[in-house]
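> Pasting in a structure now, in structure tokens, and then I'll have a few things to ask.
The values are calculated or read from the model by the stated rules, or taken from the named source; none is laboratory data. As the structure is a prediction and not an experimental result, all values here were calculated from the model. Cβ: placed from backbone, ideal geometry, glycine included. Neighbour counts: every protein chain shown. Quick note on the areas: whole protein, heavy atoms, side chains included, nothing else; ligands and nucleic acids left out. Shrake-Rupley method; radii C 1.70, N 1.55, O 1.52, S 1.80 Å.
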Amino acid sequence: MSGDSPRISVIIPCYNAEAFLQRTLDSVLAQTVAPHEIIIVDDGSGDKSASIAANNPHPVRLIRQENSGVCAARNRALSAVTGEWVALLDADDLWEPTKLERQIAALRSTPAAVCCHTHYYVFDDHGREELTPRGAISDSEDFRVELLCEALVIPSSAIVRADVATRIGFRLDVKQCEDMIFFLELREHGPFVKVEAPLVGYRRHPGQYTAGYKHEFKGVLTRFRWFEEHSANYTSEQQTAVRAKLAYQLLWPHAQAILAIDSGTESDIRQAYRQVAPPNRPVPRAMRDELICVLETRLKRWLWFRVFEKLPWLAATYHAVRGRSNTA
């Protein structure tokens, strides 16, 4: 990166975000280093999102399209950028005023970098929650395991090389974890730099699509399918590590499916575990499709919803006894 500040194009995919969009735009317009342009792609919103975007002056630009999904919206924005770097931003997240300035400074130390991302915090209508920083992405080939199995980069924290991002794009056939796959494919083209300061606010609200055990389950399947297509890029040890990590990530959605009495998803997750886990790894007892396990699960559900829920003191006693037996 040269001594002059690069031109940064901000791209914001937007779908029914009228409650958040203006505040998000205000956080961009308040940057200590002004962006070259701010491109909002309204993805067929049925609310006032497009009007809000249109009422903002230069450098805000509005592009409208029929509802096609977040990947198509980001790709449409990428095709229109004129800056050397692209800053990704979701329509409900926020930036701290010095975000772009500090990222530009960090990139000067690593001219070969294709991405600079930052730490972030989580917030909602009730306040802000600080998160423990995660380490930097590995400089070794282990990044292929790390980026596929953990959400180490959130889109709103990243600025990426425009030419590389445009060449890669966001895969239209991916409906979950599309950002994780994008950053993994981007990392193949060069190193990442991280600013450890929490310069991005990730909004948490009930309408988020990423909530729910079914989404978590589908996200594991999406990443596993991608892994199968690209397994030749992984060593045998890395393949085992990926399978083990993704299989472990199926335990939470399986437990939630049990609580939701969603036997169909329960069964699907058990089958997926057998496919995803490393060869010869036994299925956890909670996932074994055995009659005794099924009966035990049904009994626990009945006890909880019919007895413990109505007798809190009995529920407390149950958990206390269970806790002692688990530590014995």
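> Only one of (1) open to solvent by 10 Å² or more (accessible area, probe 1.4 Å); (2) within 23 Å of the chain's Cα centre (by Cα); (3) on the phi < 0 side of the Ramachandran plot is not met by Gly69, so which one is it?
(3)
> Return a yes/no flag: does the range 186-207 have any residue that is open to solvent by less than 40 Å² (accessible area, probe 1.4 Å), assigned to a helix (DSSP H, G or I) and in contact with a helix residue (DSSP H, G or I) (Cβ under 9 Å, 6 or more places away or on another chain).
yes
> Turning to a different aspect of this structure: Please work out which residue is farthest from Arg204 (Cα to Cα), limiting yourself to the range 1-44 and to residues that are open to solvent by 20 Å² or more (accessible area, probe 1.4 Å) and of a type in the set (S, T, N, Q).
Step by step, filter the range 1-44, then rank; the result is Ser2.
> I need every pair where a residue in the range 215-231 that is open to solvent by less than 10 Å² (accessible area, probe 1.4 Å) has its Cβ under 8 Å from the Cβ of a residue that is among the hydroxyl-bearing types (Ser, Thr, Tyr) and outside any helix (DSSP H, G or I), sequence separation at least 6 or different chains.
Phe227/Tyr234
This table checks each residue for (1) of a type in the set (Val, Ile, Thr); (2) at pLDDT 95 or above; (3) buried (at least 17 other Cβ atoms within 10 Å of the Cβ).
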residue: Tyr234; (1), (2), (3): no, yes, yes
residue: Ala244; (1), (2), (3): no, yes, no
residue: Leu251; (1), (2), (3): no, no, no
residue: Ala255; (1), (2), (3): no, no, no
residue: Ile261; (1), (2), (3): yes, no, no
residue: Gly264; (1), (2), (3): no, no, no
residue: Arg274; (1), (2), (3): no, no, no
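> Could you give every pair whose Cβ atoms fall below 9 Å, whose first residue belongs to the range 159-175 and is under 19 Å from Asp90 (Cβ atoms), and whose second residue is buried (at least 19 other Cβ atoms within 10 Å of the Cβ) and hydroxyl-bearing (Ser, Thr, Tyr), counting only separations of at least 6 or pairs across chains?
Ala162/Ser9; Val174/Thr222; Lys175/Thr222
> Determine, yes or no, whether Thr110 is modelled with pLDDT under 95 and either in contact with a His (Cβ under 9 Å, 6 or more places away or on another chain) or surrounded by fewer than 20 Cβ atoms within 10 Å (Cβ to Cβ) (or both).
Here the answer is yes, as Thr110 does meet what is asked.
> For the range 14-34, indicate whether the set of residues that are in contact with a helix residue (DSSP H, G or I) (Cβ under 8 Å, 6 or more places away or on another chain) and aromatic (Phe, Trp, Tyr) is non-empty.
yes
> Filter the range 72-89 for residues that are part of a strand (DSSP E or B) and either aromatic (Phe, Trp, Tyr) or surrounded by fewer than 18 Cβ atoms within 10 Å (Cβ to Cβ) (or both) and give the result.
The one that is part of a strand (DSSP E or B) and either aromatic (Phe, Trp, Tyr) or surrounded by fewer than 18 Cβ atoms within 10 Å (Cβ to Cβ) (or both): Trp85.
> Still on this structure, please answer the following. Which number in (1) free of Cβ contacts under 8 Å to residues at least 24 places away in the same chain; (2) open to solvent by less than 60 Å² (accessible area, probe 1.4 Å); (3) of a type in the set (D, E, K, R) marks the one condition that Arg134 misses?
(2)
> Sticking with this one: Within the range 168-180, is there a residue that is open to solvent by 40 Å² or more (accessible area, probe 1.4 Å) and in a strand (DSSP E or B)?
no
> Additional query: Of the residues that make up the range 47-68, is at least one assigned to a loop (DSSP other than H, G, I, E, B), aliphatic (A, V, I, L, M) and modelled with pLDDT of 95 or more?
Looking through the range 47-68, none of the residues is assigned to a loop (DSSP other than H, G, I, E, B), aliphatic (A, V, I, L, M) and modelled with pLDDT of 95 or more.
> Same structure, new question: Return yes when Ala80 is touching a Cys at 6+ places or on another chain (Cβ under 8 Å), hydrophobic (A, V, I, L, M, F, W, C) and closer than 12 Å to Ile11 by Cα and no when it is not.
no
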